[in-house]
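Quick note: the coordinates plus some simple rules give every number you see, no bench work behind them. No experiment lies behind these values; they were computed from the predicted model shown. Cβ placement follows ideal geometry from the backbone for every residue including glycine, while neighbour counts extend to all protein chains displayed.
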Amino acid sequence: MLVLGFESSCDETGVAMVQTRSQGVPELLAHALYSQIEMHQAYGGVVPELASRDHIRRVLPLTQEVLQGAGRSLEEVDVVAFTRGPGLAGALLVGAGVACALAAALGKPVLGVHHLEGHLLSPFLSEDPPEFPFVALLVSGGHTQLMRVDGVGRYELLGESIDDAAGEAFDKSAKLMGLAYPGGPALARLGDTGNPKAYALPRPLLHSGNLDFSFAGLKTAVLVQSQKMVAAAGAARFEDLPEQAHRDLAASTQAAIVEVLVKKSLTALKQTGLSRLVVAGGVGANRNLRTQLNAECAKRRVRVHYPELHLCTDNGAMIAMAAAMRLQSGLQQASTSYAFDVKPRWPLHSI
Ligand code: KG4
Ligand code: ZN
């Protein structure tokens, strides 16, 4: 079975083709991605209307690229998949509209996929795919969740952020430090050369006794700390402080976020008795998080799986993959009703 998948939930247009195999996980034949980051940078964040218009511009050329890369024609496609939610409504509608129009024209069935299920299953695209069951730490721009995963579609929510997501904590703190959107990777790069113990920032809900997260207070603490540093130096703005001050505050912020993510993941593993951890979503690309999780999990004989670095952030491959795995598991059938809708808000554990 050949699945063509579309991702357009936020600021990346992704298209991919995967093929199921008689045994093992489906194979990625080709994928193509266009990131709108540069376009949104001028505004300091994603502008939804611009995102939708740009998805329209990119989606068909990317589809051609994927067909060429896979050496397949549209007529050979068995199922067309798209991200149905969560995400920006207008942006989602572009992928959904294109997928359903294409499927209708080809007379092939269509399947709407949950974006976070795509992230969750993205480590299956790696050389060393995980085995069920596992604990998943889902850390994207909008979500921070710990899940128990017993199989495709068998997801139990163990804990989640009650306010900002870890990705938001990275991005908002970065913005306070004057770093360009999306600040997460920039803050991480800066922090890698700073002193993580320079400033004592809070570790929210670290000892809450449950698996929930809260990151909203952290950005306030970063703001207060940066104001103190500006006042102490008699400077006009944070940007005017020496480079080392930037590095140290970035390192301290990163350390606070990573420590909470690592400790809560270890608690989830202990509570469930599972010995496999899957980390997915954009923040899963963070090197510091990977190093600390690897070290702590090695001590406990827990295997950790990540998506390939370039598939941590949004892409079409994870959507085509999630669709193929859902279909293969018999959990869901693709539909020939082309009356589509999108779900901007859609909890993963409710699917
Ligand atoms: O999963 P994703 O691409 O988009 C959503 O579905 O939300 O995640 C994007 C998030 C952003 O908050 C971005 O700043 C963060 O992932 N991110 C990182 C890194 N790379 C991406 N955060 C920390 N360190 C990184 N290396
Ligand atoms: Zn995402």
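For the chain, take the longest principal axis of its alpha carbons; what is the angle in degrees between that and the long axis of helix 243-272, to the nearest 10 within 0 to 90?
That works out to roughly 60 degrees.
Can you put Ser8, Ser73 in order of Cβ neighbours within 10 angstrom, beginning with the fewest? Intermediate values should be presented prior to the final figure.
Working: Ser8 35, Ser73 8.
So the residues, fewest neighbours to most, are Ser73, Ser8.
Specify the angular offset, from 0 to 90 degrees and rounded to the nearest 10, of the alpha carbon long axis of helix 89-106 from the longest principal axis of the alpha carbons in the chain.
Approximately 20 degrees, to the nearest ten.
Which GluC sites (Glu not before Pro) in the stretch 86-159 pass both tests, a DSSP loop state and at most 12 other beta-carbon atoms within 10 Å?
Within the stretch 86-159, the qualifying GluC sites (Glu not before Pro) (loop, at most 12 other Cβ atoms within 10 Å) are Glu127, Glu131.
Please give every one of the lysines within straight-line cross-link reach of Lys108, meaning a C-alpha to C-alpha distance under 30 Å, and leave out same-chain neighbours fewer than 8 residues apart.
Lys343
Identify all aspartates and glutamates with a Cα-Cα distance to Lys228 below 17 Å; exclude those on the same chain that are fewer than 8 residues away in sequence.
In chain and number order, the partners are Glu239, Asp240, Glu243, Asp248.
Please report, largest first and rounded to whole Å, the three semi-axes of the ellipsoid equivalent to the stretch 6-155, where each semi-axis is the square root of five times an eigenvalue of the C-alpha gyration tensor. Display every interim value, and only then the final one.
On the way: eigenvalues 118, 99, 38 Å².
Semi-axis lengths for the stretch 6-155 are 24, 22, 14 Å.
Too long at a 24 Å Cα-Cα cut-off: which of Lys263/Lys299; Lys197/Lys219; Lys219/Lys264; Lys219/Lys263; Lys197/Lys270? Before the final figure, lay out each step's value.
Values: Lys263/Lys299 14 Å; Lys197/Lys219 17 Å; Lys219/Lys264 20 Å; Lys219/Lys263 20 Å; Lys197/Lys270 28 Å.
Those over the limit are Lys197/Lys270.
Just tell me the longest site-free run in the chain, where the sites are trypsin sites (Lys or Arg not before Pro) in a DSSP loop having at most 10 other beta-carbon atoms within 10 Å.
Numbers: sites that count: Lys197, Arg237, Arg301, Arg345.
After excluding every exposed loop site, the longest remaining stretch is 1-196.
Over all directions, average the projected area of the Cα convex hull of the stretch 128-206 and note it in nm².
Working: hull surface 28.9 nm².
Seen from a random direction, the Cα hull of the stretch 128-206 projects 7.2 nm² on average.
Let me understand the stretch 132-306 better: what is its radius of gyration from the alpha carbons, and its Dmax, in angstrom?
Considering the stretch 132-306 through its Cα atoms, Rg and Dmax are 16.5, 57 Å.
Taking the Cβ-Cβ separation of Ala101 and Ala42 as r and a Förster radius of 41 Å, what is the calculated FRET efficiency to the nearest 0.05? Before the final figure, lay out the partial values.
Values: r = 31 Å, r/R0 = 0.77.
The value I calculate is 0.85.
Taking the dipole about the Cα centre of the chain, with the C-beta of Lys and Arg at +1 and of Asp and Glu at -1, give me whichever of Ala103, Gln328, Ala233 is farthest to the positive side.
Among Ala103, Gln328, Ala233, the one farthest towards the positive end of the dipole of the chain is Ala233.
I want to check the label-to-label distance for Asp163 and Ala89. Put each point 7 Å from Cα in the C-beta direction and report it in nm to one decimal.
Once both label points are built, they end up 2.7 nm from each other.
Restricted to Cα positions, what overall size does the stretch 265-351 have along the principal axes? Three whole-Å values, descending.
Taking the Cα atoms of the stretch 265-351, the three principal extents are 51, 28, 25 Å.
Given only helices, namely DSSP H runs of n ≥ 4 each adding -39500 (n - 2.57), what is the per-residue ellipticity at 222 nm of the chain, to the nearest 500 deg cm²/dmol?
Values: 10 runs with 146 residues, N = 351.
So the calculated ellipticity at 222 nm is -13500 deg cm²/dmol.
Relative to the longest principal axis of the C-alpha atoms of the chain, give the angle of the C-alpha long axis of helix 166-176, reported between 0 and 90° and rounded to the nearest 10°.
It works out to around 50 degrees.
Would you calculate the convex hull of the Cα atoms in the chain and tell me its volume per residue in Å³?
Values: hull volume 44.6 nm³, N = 351.
That works out to 127 Å³ per residue.
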